[in-house]
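The values are calculated or read from the model by the stated rules, or taken from the named source; none is laboratory data. Note that this is a predicted model, so its numbers are computed, not measured. Cβ atoms come from the backbone with ideal geometry, glycine included; neighbour counts cover every protein chain shown. Keep in mind that these areas ignore ligands, DNA and RNA; they rest on the heavy atoms of the full protein, side chains included. Shrake-Rupley method; radii C 1.70, N 1.55, O 1.52, S 1.80 Å.
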Amino acid sequence: MSHSIAHYTGTRIDSSAKHIMQCRVNHDIFNKFFNIEEKKLMDDKYRFCMQKDELVLDVGRMTRRETPGEFIDSNVRYEYPSVITTLGNAISDEVMDGIRRYYRDLNMDNEDDAIAYGGNKVFPYKFAFVGVSVGTAYASDLTGDNVGSVLIGGMATVLNGHFPCYTGELVQWYFDFERDEFDEDGFRRSMAGQPVEGSSHPRRGVRTGTSSACTAPTRRSTT
């Protein structure tokens, strides 16, 4: 979030050892996949931009759309890592459902499958955590600079999402629209609504905006 808990409380954690890299906000995911007009990206620039203290996700891996059900790298090359911090309320219900199902069933055997939705449609991007943003970058280069700095090594203070986090816990990310996939303690639910045996706490959340990534502890279930 651009106005983080660290700003409000004066508790920002900083470290002398940092690794910061430049990343570019992916324009095509909004303009081509979600069909958002350039003027909308400009007029509503803060809905789609990367702002300070947000979780940053890489979307540089793309699939060839003509291969439904499989994820085959399209070998697109970017001069900067191609990232987003939010889907900006542009995502449809069926794509959200496809992302929920993909992460609900994710395991070592199917991690290279595509994110499928709406029958045989394929969401053409894969998400991977990069770091925490330390600057602002816009989805449209007609608005302003679309390249911003991202902290990929060091310490940062971020706001947790729907679940409590405690000092020293490992955290993972999730989208805020996945909230109902987990119980009140952050354990992933099964299809029957019960905690999955042996499952970890979710990718539980530090929010970064609407339909954005969050963080959460990864404690093991005792069920």
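Structural remarks
- Scanning segment 101-108 turns up no residue that is among the acidic types (Asp, Glu), under 17 Å from Met62 (Cα atoms) and either over 16 Å from the mean Cα position of the chain (by Cα) or at pLDDT 90 or above (or both).
- Residue check, Thr67 under 24 Å from Gly168 (Cβ atoms), at pLDDT below 90 and either part of a loop (DSSP other than H, G, I, E, B) or out of contact with any helix residue (DSSP H, G or I) (no Cβ under 6 Å at 6 or more places or on another chain) (or both): no
- Which listed residue, of Val59, Val25, is at pLDDT 95 or above and open to solvent by less than 50 Å² (accessible area, probe 1.4 Å): Val25
- Being under 15 Å from the mean Cα position of the chain (by Cα), among the hydroxyl-bearing types (Ser, Thr, Tyr) and farther than 15 Å from Ala139 by Cα is a condition met by no residue of segment 72-80.
Every residue, every condition in (1) assigned to a loop (DSSP other than H, G, I, E, B); (2) among the polar types (S, T, N, Q), yes or no:
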site: Val76; (1), (2): yes, no
site: Asn89; (1), (2): yes, yes
site: Met96; (1), (2): no, no
site: Ile99; (1), (2): no, no
site: Tyr103; (1), (2): no, no
site: Asn107; (1), (2): yes, yes
site: Val132; (1), (2): no, no
site: Thr143; (1), (2): yes, yes
site: Ser149; (1), (2): no, yes
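- Across segment 104-135, the number of residues qualifying as open to solvent by less than 30 Å² (accessible area, probe 1.4 Å) and in contact with a helix residue (DSSP H, G or I) (Cβ under 7 Å, 6 or more places away or on another chain) comes to 5.
- Residue check for Phe129: modelled with pLDDT of 75 or more and either among the basic types (Lys, Arg) or in contact with a Phe, Trp or Tyr (Cβ under 6 Å, 6 or more places away or on another chain) (or both): yes
- Filter result for the condition that a residue is open to solvent by less than 90 Å² (accessible area, probe 1.4 Å), at pLDDT 90 or above, in contact with a Phe, Trp or Tyr (Cβ under 9 Å, 6 or more places away or on another chain) and over 26 Å from Tyr174 (Cβ atoms), over Met50, Met42: Met42
- With respect to being within 12 Å of Leu55 (Cα to Cα), in contact with a Lys or Arg (Cβ under 6 Å, 6 or more places away or on another chain) and surrounded by 16 or more Cβ atoms within 10 Å (Cβ to Cβ), Tyr138 falls outside the description.
- Candidate set: segment 112-130, residues that are within 30 Å of Lys18 (Cβ to Cβ) and part of a loop (DSSP other than H, G, I, E, B); chosen: the one nearest to the chain's Cα centre (by Cα): Phe127
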